[in-house]
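Just dropping this structure here.
The values are calculated or read from the model by the stated rules, or taken from the named source; none is laboratory data. Here the structure is a predicted model, which is why all the values come from computation and not from measurement. Methodologically, a virtual Cβ is constructed for each residue, glycine included, from the backbone with ideal geometry; neighbour enumeration extends over all protein chains shown.
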């Protein structure tokens, strides 16, 4: 559900950038209350895991579409909403800058859509009332599944409204909604199942993590080494190998655009802010689309072959490992920066 710049006007993109920046500032102030030497590495490792997991698109049966994990619910449950929002912002920033996944103008929208709805709506109003004080595997499953579905439905609705309000594409409101919401209902169900699996593992290994994060308290002297190790290994395996098994079908947004307009991708305006930001992204994205750059004038690049599955590719593996590492470093750097500011204050 990563939006491209072609869907957005500068006015809408700029407004969502401002809304996202304000939310980041709010979270930065709040997160200083519970950051400590245990939670900061957890932010980094979870960010790396979510980056890697988002590389794997899973097929939605009988639709010709695919989806990928959003990850906001996992982060909110294990880190609390404020640290979770900063972590998902780290993931999406690395994706946009270095892998051209989502546009730079659209980055504010993408962080808002994939961060605000799961962290500040689905988590406190759906997951916590269901699984909060009387946590059990069953309650985790019900809460995570319902929260995952609601979070993605709200995100999909936001994508439609941001696109229609921009007015630079010809995607009609009703048709776009009827395509986006049902397909993201299915994606949300998978999101809930994956969230259930990850959260249940952490709950069985260290239930205190969920309890302390839910009340915005530091982890203190709680040992989280085993959890960090398993999540780090999962991130490496997912980004380095399992990413080969991603579905070749278009994701839910591209599929909905094709159903509505007949095109999976739209061309962005070739002037103004769109052109300027595209130029920046072209320079920063050293592994665009999670693969090595190819010269489109070379004969090999002009040949169109049916995609292989699994798509064993060194560029994909390198992207998963490098992207996970960059996200790890960025999330940890953010954590230490705000912890230091708290100590100074």
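Please report, ordered by residue number, the helices (runs of 4 or more DSSP H) entirely within segment 68-137 with at least 2 residues that are within 22 Å of residue 280 (Cα to Cα) and in contact (Cβ under 8 Å) with a residue 60 or more places away in the chain. Show your work before the answer.
Numbers: elements: 72-79, 81-99, 107-111, 128-131.
Counting at least 2 such residues, we get 81-99, 107-111.
Limited to segment 138-178, what total is found for residues that are surrounded by 17 or more Cβ atoms within 10 Å (Cβ to Cβ), farther than 19 Å from residue 76 by Cβ and in contact (Cβ under 8 Å) with a residue 24 or more places away in the chain?
Residues that pass the stated criteria total 8.
Of everything in segment 36-59 that's within 14 Å of residue 209 (Cβ to Cβ) and touching a helix residue (DSSP H, G or I) at 6+ places or on another chain (Cβ under 7 Å), which residue is surrounded by the most Cβ atoms within 10 Å (Cβ to Cβ)?
Here the answer is 46.
Can you tell me which residues in segment 197-216 are within 18 Å of the chain's Cα centre (by Cα) and surrounded by fewer than 21 Cβ atoms within 10 Å (Cβ to Cβ)?
197
Then there's this: Name the single residue, out of those in segment 9-18 being touching a helix residue (DSSP H, G or I) at 6+ places or on another chain (Cβ under 6 Å) and assigned to a helix (DSSP H, G or I), that is farthest from residue 167 (Cα to Cα). Steps first, answer last, please.
Residues of segment 9-18 that are touching a helix residue (DSSP H, G or I) at 6+ places or on another chain (Cβ under 6 Å), as a first pass: 9-10, 12, 16-17.
Checking which are assigned to a helix (DSSP H, G or I) leaves us with 10, 12, 16-17.
Details: 10: 11, 12: 10, 16: 15, 17: 18 Å.
Among those residues, the one meeting the criterion is 17.
The conditions are (1) surrounded by fewer than 17 Cβ atoms within 10 Å (Cβ to Cβ); (2) under 25 Å from residue 44 (Cβ atoms); (3) in contact with a helix residue (DSSP H, G or I) (Cβ under 7 Å, 6 or more places away or on another chain), and residue 119 fails exactly one of them. Which is it?
Result: residue 119 passes all but (1).
If a residue has to be within 21 Å of residue 55 (Cβ to Cβ) and in contact (Cβ under 8 Å) with a residue 24 or more places away in the chain to count, how many in segment 258-271 make the cut? Before you say what the answer is, go through the steps one by one.
Going residue by residue through segment 258-271, those that are within 21 Å of residue 55 (Cβ to Cβ) are 264-265.
Narrowing the set further to residues that are in contact (Cβ under 8 Å) with a residue 24 or more places away in the chain leaves 265.
So the answer is 1.
Then there is this: Of the residues in segment 217-249, how many are under 20 Å from the mean Cα position of the chain (by Cα) and closer than 25 Å to residue 322 by Cβ? It would help to see each step written out before you state the result.
First, the residues of segment 217-249 that are under 20 Å from the mean Cα position of the chain (by Cα): 228, 231-249.
Checking which are closer than 25 Å to residue 322 by Cβ leaves us with 228, 231-248.
Selection size over segment 217-249: 19.
Taking the stated definitions as given, is residue 253 surrounded by 17 or more Cβ atoms within 10 Å (Cβ to Cβ), at pLDDT below 95 and either touching a strand residue (DSSP E or B) at 6+ places or on another chain (Cβ under 7 Å) or under 28 Å from residue 79 (Cβ atoms) (or both)? Break it down into steps so the answer makes sense when it comes.
Details: surrounded by 17 or more Cβ atoms within 10 Å (Cβ to Cβ): yes; at pLDDT below 95: no; either touching a strand residue (DSSP E or B) at 6+ places or on another chain (Cβ under 7 Å) or under 28 Å from residue 79 (Cβ atoms) (or both): yes.
Spelling it out, it is not the case that residue 253 is surrounded by 17 or more Cβ atoms within 10 Å (Cβ to Cβ), at pLDDT below 95 and either touching a strand residue (DSSP E or B) at 6+ places or on another chain (Cβ under 7 Å) or under 28 Å from residue 79 (Cβ atoms) (or both).
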